[in-house]
Amino acid sequence: MGKITGFIEFDRVDEKNKAVKQRVKDYKEFTIKLPDEELKKQGGRCMDCGIPFCHSGCPLGNLIPDFNDLVYKGEWKRALEILHSTNNFPEFTGRLCPAPCEKACVLGLIEDPVSIENIEKNIVEKGFEEGWIVANPPLERTGKTVAVVGSGPAGLAAAQQLNRAGHLVTVFERDDEVGGLLRYGIPNFKMEKSVIDRRITILEEEGISFVTDAHIGKNYAVDQLNEFDAVVLCGGATKARSLPTKGIDAKGVEQAMDFLTQQTKTLFSNKIEGELISAKDKDVIVIGGGDTGSDCIGTSNRQGAKSVTNFEIMPKPPLSRSETTPWPFWPLQLKTSSSHEEGCERNWLINTKEFITNEKNELIALKTVEVEWKIVPGKRPQLVEKKGTEKTWPCDLVLLALGFTGPENTLSDQLGIELDERTNYKARNYQTNIPHIFTAGDMRRGQSLIVWAINEGREAAREVDLFLMGSSNLPTKGSGDLPGV
């Protein structure tokens with residue numbers, strides 16, 4: 001490493017955020033960039049640790065010590081080449097990934113871990129600023145055609161890799177804009193949509209075709225997919241989980257993703273489906289303590305909610321890493337997001353008993369009960385209600401941020417694709433029971449992280465290339481082969 005004693009000399013310094021009162025006035029990103037000299041120091045904190053556990057912590061196998069060292073030396077362009085060799089879209093992961101690499105960082109055993117995610121974001125942002133990131137179309141074409149269904153991170157990664165192999169790639173997106181979850185599932189204050197647009201422009205310049213408003217199996221016949229030599233299904237896990245609770249059909253009980261999607265579409269004057277869901281001047285309850293719930297909290301505050309309350313059925317995690325999840329595993333630990341900091345009452349071990357409505361079936365309150373989890377030897381933990389703890393919470397809007405149960409079955413039913421025991425699209429080496437049809441991302445593995453989706457898209461692309469050509473020069477996970485080589 002360029003700075004052997006850097007981890008001793010330099011403390012971790014993170015990006016600052018704009019003040020809460022300032023940032024909730026709009027939907028723009030609110031982080032404040034660190035100076036390059038400070039970022040170099042942060043790269044210099046990376047240890048010569050022998051076995052870089054950050055590699056195994058990263059689903060993409062990013063060559064983290066390599067680009068950290070290059071940042072410390074000021075060799076930003078070479079750092080970008082190393083980063084892009086394993087990650088097609090570091091501008092997405094650098095903003096949105098929960099950074100499992102940092103939780104596996106060896107330095108994290110004794111000090112704050114290396115700020116890998118922020119370094120990654122700044123490498124790619126400098127690449128765009130300096131004009132280093134440009135279209136790199138393949139020198140030759142194979143004549144093979146591939147359809148990619150879905151333009152989220154898995155679909156985009158698969159498309160770029162297959163295009164690099166020389167195939168002619170068409171990406172179908174059922175919505176009005178390209179990006180899938182990145183476009184409409186992620187609030188603009190976490191990632192502005194210009195970040196997607198500039199990357200899509202490059203993909204188009206490289207020769208990838210995009211078709212929007214194409215819902216395969218509904219307004220676009222699945223038979224038309226037979227015109228392609230191979231198909232990659234990357235439609236995501238979009239079946240939202242609900243609650244078997246009285247009053248769930250009340251007006252004012254909404255799915256989180258419908259709420260978030262509408263907000264982003266209205267921000268850009270795009271057409272929305274159904275009646276507008278608004279938190280303005282309402283008492284809002286968000287059920288679900290994950291990232292989507294956090295996004296609902298931040299969006300509700302920006303819309304002008306009267307109050308925001310968050311329910312989680314699980315116990316409150318500890319402030320520091322739990323002994324049940326020792327290093328280098330992903331820790332059970334309390335996470336306080338920027339949205340939580342903007343205003344929210346958080347509650348744990350709360351179960352929803354009933355959505356209370358008026359005569360018009362409009363939501364007016366929510367009834368809950370406190371619960372505890374009892375360990376029964378040989379059985380799964382049992383959820384037990386605490387007697388005498390029922391409570392009624394006045395509210396006008398409830399947002400269900402409970403995750404997803406799996407992919408929709410429109411394509412599997414019409415194409416005859418087998419499902420696994422979790423109702424995901426079943427595949428071996430990303431290949432379904434129909435030889436020329438492959439699947440990747442949340443559609444194959446279930447709801448997961450953006451970084452896993454990119455990895456899935458890359459790995460699936462290699463399998464498609466092998467299927468079409470008998471061999472492949474596309475890189476495997478973490479190999480570090482440079483793009484197009």
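Where in the range 177-291 are there strands (runs of 3 or more DSSP E), lying wholly inside it, with at least 3 residues that are more than 21 Å from residue 461 (Cα to Cα) and not assigned by TED's automatic domain parsing to the domain that holds residue 89?
253-255, 283-287
Determine whether residue 409 is surrounded by fewer than 24 Cβ atoms within 10 Å (Cβ to Cβ) and not assigned by TED's automatic domain parsing to the domain that holds residue 367.
Here the answer is yes, as residue 409 does meet what is asked.
Could you check, for the range 262-283, whether at least one of its residues is buried (at least 24 other Cβ atoms within 10 Å of the Cβ) and more than 18 Å from residue 250 (Cα to Cα)?
yes
Restricting attention to the range 218-240, report how many residues are more than 18 Å from residue 184 (Cα to Cα) and surrounded by fewer than 20 Cβ atoms within 10 Å (Cβ to Cβ). So that I can check it myself, show each step before the final result.
Initially, the range 218-240 is screened for residues more than 18 Å from residue 184 (Cα to Cα), giving 218-233.
Pick out the ones that are also surrounded by fewer than 20 Cβ atoms within 10 Å (Cβ to Cβ) and you get 218-224, 226-229.
Total meeting the criteria: 11.
Restricting attention to the range 125-136, and to residues there that are in contact (Cβ under 8 Å) with a residue 12 or more places away in the chain and small (Gly, Ala, Ser), which single residue is surrounded by the fewest Cβ atoms within 10 Å (Cβ to Cβ)?
135
Look at the range 196-207 and say how many of its residues are surrounded by 21 or more Cβ atoms within 10 Å (Cβ to Cβ) and out of contact with any Gly (no Cβ under 7 Å at 6 or more places or on another chain).
Within the range 196-207, residues that are surrounded by 21 or more Cβ atoms within 10 Å (Cβ to Cβ) and out of contact with any Gly (no Cβ under 7 Å at 6 or more places or on another chain) number 2.
Kindly indicate whether residue 398 is within 22 Å of residue 241 (Cα to Cα), surrounded by fewer than 14 Cβ atoms within 10 Å (Cβ to Cβ) and aliphatic (A, V, I, L, M).
Criteria not met by residue 398.
Say whether the condition of being over 24 Å from the mean Cα position of the chain (by Cα) and within 26 Å of residue 350 (Cβ to Cβ) is met by at least one residue in the range 405-415.
No: the range 405-415 contains no residue that is over 24 Å from the mean Cα position of the chain (by Cα) and within 26 Å of residue 350 (Cβ to Cβ).
Which residue pairs have Cβ atoms under 6 Å apart, sit 6 or more places apart or on different chains, and have a first residue in the range 273-285 that is farther than 15 Å from residue 298 by Cβ and a second that is among the charged types (D, E, K, R) and surrounded by fewer than 17 Cβ atoms within 10 Å (Cβ to Cβ)?
Here the result reads 281/306; 282/306; 283/306, each pair linking the range 273-285 to a residue that is among the charged types (D, E, K, R) and surrounded by fewer than 17 Cβ atoms within 10 Å (Cβ to Cβ).
Give 256, 305 a once-over and let me know the one that is in contact with a Gly (Cβ under 8 Å, 6 or more places away or on another chain), modelled with pLDDT of 95 or more and within 26 Å of residue 22 (Cα to Cα).
Of 256, 305, the one residue that is in contact with a Gly (Cβ under 8 Å, 6 or more places away or on another chain), modelled with pLDDT of 95 or more and within 26 Å of residue 22 (Cα to Cα) is 256.
Which is among the β-branched types (Val, Ile, Thr), touching a Leu at 6+ places or on another chain (Cβ under 8 Å) and not assigned by TED's automatic domain parsing to the domain that holds residue 166, of 392, 439?
Values: 439 fails: not assigned by TED's automatic domain parsing to the domain that holds residue 166.
Checking each option against the conditions leaves just 392.
Would you mind telling me which numbered condition in (1) in contact with a Leu (Cβ under 8 Å, 6 or more places away or on another chain); (2) more than 30 Å from residue 472 (Cα to Cα) residue 102 fails?
Of the numbered conditions (1) in contact with a Leu (Cβ under 8 Å, 6 or more places away or on another chain); (2) more than 30 Å from residue 472 (Cα to Cα), the odd one out for residue 102 is (1).
Residues 177, 173: which one is in contact with a Ser or Thr (Cβ under 6 Å, 6 or more places away or on another chain), buried (at least 20 other Cβ atoms within 10 Å of the Cβ) and under 19 Å from residue 441 (Cβ atoms)?
173
Of the numbered conditions (1) surrounded by 20 or more Cβ atoms within 10 Å (Cβ to Cβ); (2) over 16 Å from residue 135 (Cα atoms), residue 243 satisfies every one except a single condition; which is it?
With (1) surrounded by 20 or more Cβ atoms within 10 Å (Cβ to Cβ); (2) over 16 Å from residue 135 (Cα atoms) applied to residue 243, the lone miss is (1).
Every residue, every condition in (1) crowded, with 19+ Cβ neighbours inside 10 Å; (2) more than 27 Å from residue 105 (Cβ to Cβ); (3) under 22 Å from the mean Cα position of the chain (by Cα); (4) of a type outside the set (A, V, I, L, M, F, W, C), yes or no:
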residue	(1), (2), (3), (4)
313	no, yes, no, no
342	yes, yes, yes, yes
370	no, yes, no, yes
377	no, yes, no, yes
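Given the criterion of a type in the set (Val, Ile, Thr) and loosely packed, with under 14 Cβ neighbours inside 10 Å, identify the matching residue among 352, 324.
Of the residues listed, the single one that is of a type in the set (Val, Ile, Thr) and loosely packed, with under 14 Cβ neighbours inside 10 Å is 324.
Select, from 43, 74, the only residue that is modelled with pLDDT of 95 or more and at positive phi.
The match here is 74.
Between a residue in the range 25-54 that is of a type in the set (Phe, Trp, Tyr) and any residue that is part of a loop (DSSP other than H, G, I, E, B), which pairs come within a Cβ distance under 6 Å, given they are 6 or more apart or on different chains?
Short answer, once both residue conditions are applied: 27/188; 27/189; 30/18; 53/104; 53/328.
Tell me, yes or no, whether the range 137-149 has at least one residue that is closer than 21 Å to residue 257 by Cα and buried (at least 18 other Cβ atoms within 10 Å of the Cβ).
yes
The values are calculated or read from the model by the stated rules, or taken from the named source; none is laboratory data. The structure displayed is predicted, hence computed values, not measured ones. Cβ sites come from the backbone with ideal geometry, for glycine too, and all protein chains shown count toward neighbours.
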